[in-house]
Each structure stands twice: as structure tokens, then as C-alpha cells.
Amino acid sequence: MLFNRRKLIAVIGATGQQGGAVVRALQAQGQFKVRALTRNPGKHRELADEVVEADLDRPETLKAAFEGAHGVFLVTNFWEQGTDELKQATAAVRAARNAGVKHFVWSTLPDVEAISGGKFRVPHFTGKARIDRIVKEAGFANHTFGIAPFFYQNLVGSLAPQKRADRSLGWALSLDPAVRGIHMGDISELGSIVAGAFAQPDQAGNGEYLPLVGDFISFNEIVDTLNRQGHNFSFTQVPADVFATLFPGAAEIAAMFSYFQAHTYLGSDSSDRIALAKKIAGRQPTKFSTWTRLNVPVQNP
């Protein structure tokens with residue numbers, strides 16, 4: 001009987017990195033029933049207690065997706081072609097309010113334009129930050145902002161080291177490698193923070209910002225850490241105006257790196273927020289050196 005009394009959390013993006021992490025953390029915690037929301041429920045039947053169709057671009061699907069839910073976790077994907085994050089998030093917030101959802105958790109990022117006084121334009125950060133106000137003003141009994149870090153996973157994915165002219169591997173980025181400005185983390189650990197927020201609304205459901213930060217380091221420290229583990233990576237600093245022309249979307253990445261350098265990833269002293277996030281998660285996030293040892297195997301020549 002107790003099983004049926006557990007409050008239900010609906011997780012958008014349940015097959016992605018962030019939503020998937022939230023589903024797994026909620027299941028491990030065992031306090032809530034989990035409804036995984038996906039555009040293709042038929043492919044993911046075993047994902048959670050319930051698997052329900054939801055598409056942020058089809059708001060009519062959200063009514064059933066949120067029905068009976070105590071909490072909702074929302075993440076949007078800026079990089080998916082044709083995504084209008086503001087439109088998607090507005091539809092999700094409205095549907096959640098109409099469904100009587102009590103606790104809404106939104107995965108946001110710092111407002112780069114506000115922090116830099118308009119000097120840097122990084123739409124994939126600022127676009128999310130502008131949704132914060134919509135969540136705040138919706139009138140949920142509880143709301144929480146999770147902040148994803150620079151993923152460790154980026155360094156083996158979209159920002160993996162590239163082959164250089166001399167056949168070595170390394171990075172060529174528009175970033176001063178000596179400046180410590182990158183708040184990083186294993187994105188799979190964001191789930192612990194979100195699950196903790198749902199479980200502790202008194203401490204984490206009053207508009208708190210909870211960043212996942214496993215490490216705060218410079219690119220020199222990234223390279224040194226990897227090379228001490230047996231790799232042979234290099235780093236070359238490329239002028240921002242040159243980097244901005246290298247591939248579609250490079251101008252925004254160059255602006256993001258310039259912002260990191262001037263203001264850090266989180267944009268200000270966030271030590272209190274980081275400490276609260278660790279407390280809510282009930283665990284220390286994995287350090288970069290530990291993660292790389294497990295996830296970046298040394299290639300023997």
C-alpha cells in the first residue's frame with residue numbers, strides 16, 4: 001500500500017543526460033514514484049515506474065504528462081535544431097500549474113549578458129536564465145533552480161582533443177589556459193541534487209540556486225591532470241576572433257570562453273550555493289582527476 005502513496009515526480013528529457021540522471025537518482029532514493037517523459041515511450045518502457053509521452057513542442061501532450069504529479073523536472077535542449085526554449089518552458093510551466101504541480105525544478109544557467117553588462121552574448125546560457133522569472137512568478141508552492149556545470153563529458157565529446165599537424169592530440173581554444181574560470185562536474189551527478197531538492201523542499205524549494213560543481217580549474221590544470229595520468233595532450237591558445245570563424249556556432253563558443261575568463265562559469269562567488277547543493281545532494285561530487293581516471297583511457301601508441 002505504501003508504494004501507491006509515494007508522491008509522483010514527472011521528469012522531462014528522461015532519455016537525455018540531465019533528465020536520465022534525475023530519473024536514476026530518484027529511483028535510487030526510493031522516496032518518490034517516477035514518471036519518465038519522452039517523445040518515444042514505446043522505445044523506453046523500462047525507464048521508470050511510468051513512461052509517458054510528452055513533447056515540449058506539442059503542449060497538448062503535457063496535460064496528461066503532468067496529471068497527478070507532485071513535482072516536475074524541466075530541462076530544454078538549446079542545441080536541438082528548431083528549439084525555442086522560451087516557448088517550450090512557458091508551455092511546460094503553464095501545464096504544470098494547471099495540473100496542480102507543487103514543486104517545479106528548472107535546469108538553468110547564469111545570465112551572461114546581465115553578469116557581463118552586455119559585453120558577452122552567449123544565448124545558450126542567457127536564454128535559460130531568462131526563463132527563471134517565469135518559474136518564479138508562476139506561483140508554485142516550491143521551486144528550485146538546478147545549474148548544470150561545464151560537463152566533464154564535453155572533454156570526450158564535443159570538445160574532445162583533436163589531432164594536430166604533428167599527429168599529437170590537443171586542444172586549440174580561445175581561452176587563456178592559466179585562468180581558473182571553469183566550474184566543472186560529472187553531469188550524471190546533477191540527479192542527486194535534484195532528487196535532494198524534491199526530498200527537502202523546506203531547504204531547497206524556495207527559489208534556491210543549486211549548482212553542481214565537482215571542480216573549479218583552469219585549462220592548464222585540465223591538461224596537467226590528464227598528462228599525469230599518462231596522456232600526452234597539448235594546448236594552444238587561439239585568438240578569439242580567429243576561433244570564432246572556425247566552424248558554425250564557433251562565435252558563441254568564443255564568447256562563452258571570454259566570459260569564463262572574465263567572470264568564471266558561474267559568474268560570481270557562488271561558494272554558498274555550491275555548499276548548499278552538496279548538502280542537499282548528500283554527497284561530494286566527483287573530482288575531475290577521479291572522473292578522468294575512470295573515463296579517459298590512456299591510448300598506447
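At-a-glance table
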| quantity | calculated |
| --- | --- |
| Subset of the stretch 99-114 (residues that are among the charged types (D, E, K, R) and under 21 Å from P201 (Cα atoms)) | K102 |
| When residues of the stretch 281-301 are limited to those that are without any contact (Cβ under 8 Å) to a residue 24 or more places away in the chain and assigned to a helix (DSSP H, G or I), the one surrounded by the most Cβ atoms within 10 Å (Cβ to Cβ) | T290 |
| Among the candidates G214, G207, residue that is under 20 Å from D272 (Cβ atoms), touching a Phe, Trp or Tyr at 6+ places or on another chain (Cβ under 9 Å), among the small types (G, A, S) and surrounded by fewer than 16 Cβ atoms within 10 Å (Cβ to Cβ) | G207 |
| Per-region count, the stretch 120-156, residues within 18 Å of G267 (Cβ to Cβ), in contact with a Ser or Thr (Cβ under 8 Å, 6 or more places away or on another chain) and of a type outside the set (A, V, I, L, M) | 5 |
| Test: residue in the stretch 2-18 that is surrounded by 15 or more Cβ atoms within 10 Å (Cβ to Cβ), β-branched (V, I, T) and modelled with pLDDT under 95 | yes |
| Hits in the stretch 44-79 (condition: of a type in the set (S, T, Y) and either in contact with a Phe, Trp or Tyr (Cβ under 9 Å, 6 or more places away or on another chain) or buried (at least 21 other Cβ atoms within 10 Å of the Cβ) (or both)) | T76 |
| Hits in the stretch 224-243 (condition: among the hydrophobic types (A, V, I, L, M, F, W, C) and surrounded by fewer than 19 Cβ atoms within 10 Å (Cβ to Cβ)) | F233, F235, V238, A240, V242 |
| Which listed residue, of E113, E137, is surrounded by 13 or more Cβ atoms within 10 Å (Cβ to Cβ) and either among the aliphatic types (A, V, I, L, M) or modelled with pLDDT of 95 or more (or both) | E113 |
| Flag for G185 being surrounded by 23 or more Cβ atoms within 10 Å (Cβ to Cβ) and touching a Lys or Arg at 6+ places or on another chain (Cβ under 9 Å) | no |
| Complete set of residues in the stretch 90-126 that are of a type in the set (D, E) and either assigned to a helix (DSSP H, G or I) or without any contact (Cβ under 8 Å) to a residue 24 or more places away in the chain (or both) | E113 |
| Looking only at the stretch 148-180, and only at residues there that are closer than 13 Å to G214 by Cα and not aromatic (F, W, Y), the one that is surrounded by the fewest Cβ atoms within 10 Å (Cβ to Cβ) | Q153 |
| Filter pass, A160 being within 23 Å of the chain's Cα centre (by Cα), under 19 Å from A25 (Cβ atoms) and either in a strand (DSSP E or B) or of a type in the set (A, V, I, L, M, F, W, C) (or both) | no |
| Residue under evaluation A129, criteria (1) touching a residue at least 24 places away in the same chain (Cβ under 8 Å); (2) surrounded by 15 or more Cβ atoms within 10 Å (Cβ to Cβ), criterion not met | (1) |
| Top-ranked residue of the stretch 28-43 - restricted to ones that are surrounded by fewer than 18 Cβ atoms within 10 Å (Cβ to Cβ) and under 28 Å from F150 (Cβ atoms), ranked as modelled with the lowest pLDDT | R39 |
| Pick from the stretch 227-280, criterion among the hydroxyl-bearing types (S, T, Y) and not in a helix (DSSP H, G or I), ranking: farthest from D166 (Cα to Cα) | S270 |
| Residue that is farthest from A141 (Cα to Cα), among those in the stretch 83-119 that are touching a Gly at 6+ places or on another chain (Cβ under 9 Å) and polar (S, T, N, Q) | S116 |
| Count of residues meeting criterion [in a helix (DSSP H, G or I) and either acidic (D, E) or more than 26 Å from T108 (Cα to Cα) (or both)] in the stretch 209-226 | 6 |
| Residue in the stretch 112-122 that is within 16 Å of G13 (Cβ to Cβ) and not acidic (D, E) present | no |
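The values are calculated or read from the model by the stated rules, or taken from the named source; none is laboratory data. For clarity, every value in this text was computed on a predicted model and none was experimentally measured. All Cβ positions, glycine included, derive from the backbone under ideal geometry; neighbour counts span all protein chains shown.
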